[in-house]
Amino acid sequence: MDAAQALADLTEISSQVVNVAILEDGEVLATTFEDAGEASRFAEGVARLVAEADRVGEARGLLALAQLEAATLEGSVFVVRRGSRLIAATTRPDPTVGLVFYDLKHCLGSVEAPAAEQPAADASAEAEPGGKPGGAPRRRRTKADASG
Amino acid sequence: MLVSLAGLAASAVYRRRRERRRERVDLYADDGSMASIAEGTAEADGLLPLARALLSPGSLPSPAPAGAPAAAGD
């Protein structure tokens, strides 16, 4: 699945996400920002936040920062990182943290799926339960997902 | 007795809500370890303004041109 489609799926299922961007090596792969300049500023801001979080994490003994949530009175910022790729999202105040992380991880995982594994276009096909993690093209969220 | 229990419950809910409203940054590592940085610490003072800027994209500074150093003060 390409990044734009993964992002479209994310914003469809997650009502908590306000803005989101998928970045690779600092480059914007997909974003909800319509203005390119705004997307670029957001990406640069995320890079600064992650760099500072890396610094603080190392000082605290965290070896490899995988994800973060910065909660402020205006809302929260979430970042999930896998290798050179990361997804960053903003939410309103007091989000359901586990659910947002789940949605972001699922979105990033679906982008990472190799194109060769993508099934033929069949919009009516539902993802089978028990499929490969991150490889499922589309999956309906259930309440049970929130626990992850 | 019932009034006391209700009071305790209300107090617990109030404290929990206040706790949730506090600004903080939670960092999670690959190995499952986690660090929570509460507001008022030097570390949070570095992280929270960066997060606030992302929440109001209009306030973000313009990206530095290629080859230019990052914004001063970072």
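The values are calculated or read from the model by the stated rules, or taken from the named source; none is laboratory data. Since the structure is predicted, the reported quantities are computational estimates derived from the model, not experimental observations. Glycine also receives a Cβ, built like all others from the backbone with ideal geometry; neighbour counts cover every protein chain displayed.
Check whether at least one residue in segment A:84-101 is of a type outside the set (A, V, I, L, M), free of Cβ contacts under 8 Å to residues at least 24 places away in the same chain, more than 7 Å from chain B (Cβ to nearest Cβ) and in a helix (DSSP H, G or I), and report yes or no. No, the conditions are met nowhere in segment A:84-101. Just one residue in the set A:LEU23, A:LEU68 is farther than 22 Å from B:THR41 by Cβ and part of a strand (DSSP E or B); that residue is A:LEU23. Just one of the listed residues (A:VAL18, A:VAL50) is assigned to a helix (DSSP H, G or I), within 14 Å of chain B (Cβ to nearest Cβ) and touching a residue at least 24 places away in the same chain (Cβ under 8 Å), namely A:VAL50.
For every residue, the table says whether it meets (1) at the interface with chain A (Cβ under 7 Å from one of its Cβ atoms); (2) modelled with pLDDT of 95 or more; (3) within 12 Å of A:VAL77 (Cβ to Cβ); (4) assigned to a loop (DSSP other than H, G, I, E, B).
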site: B:ILE37; (1), (2), (3), (4): yes, yes, no, no
site: B:GLY40; (1), (2), (3), (4): no, no, no, yes
site: B:LEU47; (1), (2), (3), (4): yes, yes, yes, no
site: B:ARG52; (1), (2), (3), (4): yes, yes, yes, no
site: B:GLY58; (1), (2), (3), (4): no, no, no, no
site: B:SER62; (1), (2), (3), (4): yes, no, no, yes
site: B:ALA66; (1), (2), (3), (4): no, no, no, yes
site: B:PRO69; (1), (2), (3), (4): no, no, no, yes
site: B:GLY73; (1), (2), (3), (4): no, no, no, yes
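You will find that of A:GLY57, A:GLY37, the residue that is buried (at least 22 other Cβ atoms within 10 Å of the Cβ) and outside any loop (DSSP other than H, G, I, E, B) is A:GLY57 and no other.
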